[in-house]
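Enquirer: Starting off with a structure, shown below.
Only the coordinates and a few stated rules stand behind these numbers; no lab work does. Treat the numbers as computed from the prediction; the structure is a model and nothing was measured. Every residue, glycine as well, gets a Cβ built from its backbone with ideal geometry; the counts of neighbours run over all protein chains shown.
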2 protein chains.
Amino acid sequence: MSRAKDKNPIPSVWTREQRRTDQPALSRDAIVREAIAMLDAEGIEALSMRKLGARLNAGATSLYRHVATKDELMELAVDEVAAEIHVPPAGDPDWRAAVTEAAGSFRTTALRHPWLTLVLGQAGLAYLGPNYMSFSERLAALFTAAGFPEPSRAIDAVFSYVIGMSTTEAAWLTTVARSGETEAEFVARLLPTAQQVSAGYDHLAAAGPETSAEATDPAKLRDDKFAYGLEVVLDGLALRLPK
Amino acid sequence: MSRAKDKNPIPSVWTREQRRTDQPALSRDAIVREAIAMLDAEGIEALSMRKLGARLNAGATSLYRHVATKDELMELAVDEVAAEIHVPPAGDPDWRAAVTEAAGSFRTTALRHPWLTLVLGQAGLAYLGPNYMSFSERLAALFTAAGFPEPSRAIDAVFSYVIGMSTTEAAWLTTVARSGETEAEFVARLLPTAQQVSAGYDHLAAAGPETSAEATDPAKLRDDKFAYGLEVVLDGLALRLPK
DNA sequence: CCCCTGTGCGTACAGTGTTCGCATCGAAGG
DNA sequence: CCTTCGATGCGAACACTGTACGCACAGGGG
C-alpha cells in the first residue's frame, strides 16, 4: 500500500495514510508463499517481480530487501515445496511399499506445482536448501536400511525415473491447462490428428494410443503408467539386494 | 547487412550497397542452425532474437519472416537436434545392446545440447516434428521386435529414466560450465562445503560423495552411474518379456 | 532530542519478444 | 523494355522484464 495515494495530488501530512497495520508487512516467508501461489495458479512465465509485489500490496523493488534476486526466490520456492514430499521413516520391513510411497509423494508434489521440474532442470538439485537436504537424508536412511550396498546409486536410479516421468507429465498437464479444457476434452480433440500423424508410422500406429472407444479416465491411465515403470525399476533393484 | 550504411548520413543511390550476395541469404534452416550454435555455445538464456539476427547479419525482426515466434524456433531446434539420436534398426537379437545404444545416444545428445531437456520440460514431447516422430517410430519398432507385449509402457519406463538422468546431468554440467572451471576443479572446490553441509545428516554423510583421495574422473563416474541405472531398468523389463 | 538502521518505493536503465508499415528486391507479364 | 507484384528485410515503437540507485520515512537507543 503506497504511502501517498494517487488521488491526492498534493502530498501532505494530513493526506498521508495513518498506518499500514492491515498486513503483516513484507517478509521473506510471505513473499515465498505468495510466489508459490502465483506459480501454481498462473504458471511460471506469469510470475514477475512487479505482479508479485502488487499482490502483496507492495512495490516491485521492495521485494529486493528480502530476496537477493529472482533466481534466489525460485530456489526458496523449490525448497519450500520440497517440504511437502513425504518419505516414510526407515525401518519398515516392506521397503518396496516405503519407496513407492516416497516416489508417489514426489510425483504428486511435482504435479501440484508443475513449475517444480522446470526449476530443477535449470538449477540442478545439488547444493539445495534444508528441506531438500532432509528429503535426501531420509531417502538415504530408507535405502540403507533396506540393505542396499550402494544406496546412492539405487536412489539415483529410482528418482531419475521419477523425475523423468514427472517432468513429462507436468509438461503435459501444463499444456492441457493452457487449453482451458479438461484433460479428457483435450485428449478427445487431439486424438484424430494424433492418429492421422502416426498413420505413416507402422509401429507407432500399432503401439500408439488406444483406439478403443471406451475412453478411460486419462488421469488413471497416467497413474497406471507411472506405477508400471516404478515396478520395473523396483524389480531391477530387488535383484541387487544381497542374500 | 543493412542496406544503407550508418557512415553515410545522406542516403543516395550511389552510397547504397550494391548487392548482398555475401551470405546465402536468410532461410529457416540457416536460422535454426545458427540458433542451435548459439544455444550450445552460450546457453539458453543468452539466446535473443536480436543477437541471433546480428549473428546472421540481419535485423532482429527479419527473422519473423521465416519463423512465427521464438517458441516455434525452439521447437524447430529441438526437432533438428532429435535427428542426432541414433536408434539401431529392429531385428538385432540382442535387444539389450540395442536399447543401451539408443539410450546412450539420447544421453550424449542431451549433454551435447544442455538446453534440450529444458525445452522438453516446457513443451512436453507430444505432437513434435518429423525427426522426433521417426525417433519414436524406431523405438517402437525396436521394442516390438524385442517381444514386449506393451511396447509403449516399456519405452516410457526406459526413457523416463533416461530423460530424468540426462536432465539432472545437463543441469549439473551447465552449472559447471558457468563456473568457468573444469568439472574436476569444480568438484574439488565444492567438496569441503558439501561435506560440511552433509555432516549434520548421518546417512547422507555415510552414503555421500567418496572421501577417498583418489579423485576419479568425474565424467567416468557419471557414465557409470548412468549405466548402472540403465541396467536396473533393463533387468526389470527383462522380467516382463514373455517365455 | 538526535541519529542510525531497516524498510518501502519512484525512477531509471538496459534489455526482451513482437507488431506495423515502409523500402526494396527479383521475377513475371504485357 | 517497362510495369506490376509478391516476397523479403528492417527501423521504430510498444509493452514488458529484472534490477540498481537514492531518497523518504519509521521506530528505537544513546
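Enquirer: So how do A:175, B:193, B:182 line up by other beta-carbon neighbours within 10 Å, fewest first?
Expert: On the way: A:175 17, B:193 10, B:182 13.
Going from least to most buried by this count: B:193, B:182, A:175.
Enquirer: For region B:38-154, list log₁₀ I(q)/I(0) at each q in 0.11, 0.15, 0.21 Å⁻¹, using the Debye formula over Cα point scatterers of equal strength and ignoring solvent, two decimals each.
Expert: Debye intensities relative to I(0), on a log10 scale: -0.46, -0.74, -1.17.
Enquirer: Report the charge-dipole magnitude of region B:84-186 in Debye, nearest 20, computed about the Cα centre from +1 at each Lys and Arg Cβ and -1 at each Asp and Glu Cβ.
Expert: Result for region B:84-186 is approximately 200 debye, rounded to the nearest 20.
Enquirer: Turning to a different aspect of this structure: Assume the label is 7 Å from Cα along Cα to beta carbon: what separations in nm does residue B:25 have to the matching positions in the other copies?
Expert: 6.5
Enquirer: Now a separate question. For an R0 of 35 angstrom, estimate the FRET efficiency from the Cβ-Cβ distance between residue B:61 and residue A:187 and round to the nearest 0.05.
Expert: Details: r = 37 Å, r/R0 = 1.07.
It comes to 0.40.
Enquirer: Step through the table entries A:220/B:225; A:51/B:70; A:70/B:51; A:220/A:243; B:220/B:243; A:225/B:225, compare each Cα-Cα distance with 27 Å, and write down the pairs that go over it.
Expert: Those over the limit are A:220/B:225; A:220/A:243; B:220/B:243.
Enquirer: Assume the label is 7 Å from Cα along Cα to beta carbon: what separations in nm does residue B:70 have to the matching positions in the other copies?
Expert: For residue B:70, the other copies' label points sit at 1.1 nm, shortest first.
Enquirer: Report, as an integer, the average count of C-beta atoms from other chains found within 10 Å of each Cβ along B:216-225. All intermediate terms of the calculation are to be shown ahead of the outcome.
Expert: Working: counts 0, 0, 0, 0, 0, 0, 0, 0, 1, 6.
Taking all residues of B:216-225 together, the mean is 1.
Enquirer: Can you find, among A:44, A:61, A:31, the residue sitting farthest towards the positive end of the charge dipole of region A:28-67, where Lys and Arg contribute +1 and Asp and Glu -1 at Cβ?
Expert: The residue sitting most towards the positive pole is A:61.
Enquirer: If you put a point 7 Å past Cα along the Cβ direction, how far is that point for residue A:112 from the same point in each other copy, in nm, smallest first?
Expert: For residue A:112, the inter-copy label distances come out at 4.1 nm.
Enquirer: Okay, moving on. How many Cβ atoms of partner chains, on average, are near each residue of B:199-205 if near means within 10 Å of its Cβ? Please report the intermediate quantities before stating the final value.
Expert: Values: counts 0, 4, 7, 4, 13, 10, 2.
Partner-chain Cβ atoms within 10 Å, mean over residues of B:199-205: 6.
Enquirer: Inside 10 Å of the C-beta atoms of A:143-153, what's the mean count of C-beta atoms belonging to other chains? Show your work: numbers first, answer last.
Expert: Details: counts 2, 4, 1, 0, 0, 1, 0, 3, 5, 8, 6.
Other-chain Cβ atoms within 10 Å of each residue's Cβ, averaged: 3.
Enquirer: What dipole magnitude, in Debye to the nearest 20, does chain A give about its Cα centre under +1 on Lys/Arg Cβ and -1 on Asp/Glu Cβ? Intermediate values should be presented prior to the final figure.
Expert: Numbers: 25 positive and 32 negative charges, 266 e Å.
So the magnitude is around 1280 debye.
Enquirer: Work out the charge dipole of region B:131-243 with +1 on the Cβ of Lys and Arg and -1 on the Cβ of Asp and Glu about the Cα centre, then indicate which of B:221, B:195, B:144 is farthest towards its positive end.
Expert: Comparing the listed Cα positions along the dipole, B:144 ranks first.
Enquirer: How big, in percent, is the set of alpha carbon pairs in chain A lying more than 30 Å apart?
Expert: Above the 30 Å cut-off, chain A has 45 percent of its Cα pairs.
Enquirer: Moving on. Could you bin all the Cα-Cα distances of region B:28-67 into 5 Å bins starting at 0 and give me the percent of pairs in each, rounded to whole numbers?
Expert: With 5 Å bins starting at 0, P(r) equals 6, 27, 37, 23, 7, 0.
Enquirer: Right, another one. When a footprinting reagent is the concern and you count Cβ atoms within 10 Å, what order do A:81, A:176, A:162 take, fewest first?
Expert: Details: A:81 22, A:176 19, A:162 25.
Ordered from fewest to most neighbouring Cβ atoms within 10 Å, A:81, A:176, A:162 come out as A:176, A:81, A:162.
Enquirer: Follow-up. Bin width 10 Å, alpha-carbon pairs only: give the P(r) of the protein assembly as shown as whole percents, running from 0 to the bin holding the largest distance.
Expert: Result, from short to long distances: 3, 16, 26, 25, 16, 9, 4, 1, 0 percent.
Enquirer: What is the magnitude of the charge dipole of the protein assembly as shown about its Cα centre, with +1 placed on the Cβ of each Lys and Arg, -1 on the Cβ of each Asp and Glu, and no other charges, expressed in debye to the nearest 20? Please report the intermediate quantities before stating the final value.
Expert: Numbers: 50 positive and 64 negative charges, 464 e Å.
Dipole of the protein assembly as shown, to the nearest 20 debye: 2220 debye.
Enquirer: Moving on to the next point. Mean residue ellipticity at 222 nm from the helices of chain B, using -39,500 (n - 2.57) per DSSP H segment of n ≥ 4 over the full residue count, to the nearest 500 deg cm²/dmol? Please list the in-between numbers first.
Expert: On the way: 10 runs with 149 residues, N = 243.
Roughly -20000 deg cm²/dmol at 222 nm, from the helical runs in chain B.
Enquirer: I would also like to ask the following. What ranking do A:167, A:216 get, fewest neighbouring Cβ atoms within 10 angstrom at the top? Intermediate values should be presented prior to the final figure.
Expert: Working: A:167 27, A:216 11.
Exposure proxy ranking, most exposed first: A:216, A:167.
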